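Inspection log for the structure reproduced underneath, given as structure tokens.
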Amino acid sequence: MVVKPGSVVHVEFTSKDPKASQRFFSDVFGWKWKRFGEMPYWVFSAPSEPGGGMGQVDRRQSPAVTNYLLVKDIDRTLVQIARHGGKVTSPKSETPSVGFSAGFEAPGGVPMAVFQPISKAPQGSRRAR
């Protein structure tokens, strides 16, 4: 299956109790979990794509869900987001050996993010800006 730009490629959510959330989604929906790196973050595989990840939030924060949309050129897309009334809420950052991402808010307050895989990164842009 070819994934086209603009498609949801990663679903990320946060939880106040990651262990309980992992048990719930495994028991009810059959998700498989794996810890990612040293931080409190886990990736999941669902029966169908996309998969995603889960982080832990402080008890004072509210859990949230963010969908990541595939883009060919994250820098160009961030310019387009601002040009069309969106607001960049977290700047471009790199997850080493994975890709680049940035958060944004669409008009109406919809939180989302964009993702550009490392293999699709333009030459000379391997570092987050």
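Just so it is clear, none of the values below were taken in a lab; they were calculated from the coordinates. As the structure is a computational prediction, the values presented were derived from the model and not from experiment.
With 25 Å as the limit, the listed pairs K4/K87; K4/K92; K16/K72 have K16/K72 beyond it between alpha carbons.
Taking the DSSP beta bridges with both ends in the chain, the antiparallel portion is around 75 percent.
In segment 71-121, the inverse of the mean reciprocal separation of distinct Cα atoms equals 10.9 Å; this is its Kirkwood hydrodynamic radius. Here the 3J(HN,Hα) profile of segment 53-60, calculated from phi with Karplus coefficients 6.51, -1.76 and 1.60 at θ = phi - 60°, is x, 9, x, 9, 10, 5, 4, 7 Hz, Gly and Pro shown as x. Shown in residue order for segment 20-31 are the 3J(HN,Hα) couplings computed by the Karplus curve 6.51 cos²θ - 1.76 cosθ + 1.60 at θ = phi - 60°: 5, 5, 4, 4, 4, 5, 5, 5, 8, 10, x, 5 Hz (x for Gly and Pro). Of all aspartates and glutamates in the structure, the ones whose alpha carbon falls short of 17 Å from that of K19, not counting any fewer than 8 places away in one chain, are D27, E38, D58.
For the chain, the convex hull spanned by the alpha carbon atoms encloses 127 Å³ per residue.
Amide H contacts of Q56 (H built 1.01 Å from N, in plane; Pro and chain starts excluded): S15 sit under 5 Å, all sequence-distant by 5 or more or on other chains.
On average over all directions, what projected area in square nanometres does segment 1-64 have, based on the convex hull of its Cα atoms?
Averaged projected area of segment 1-64's Cα convex hull equals 5.2 nm².
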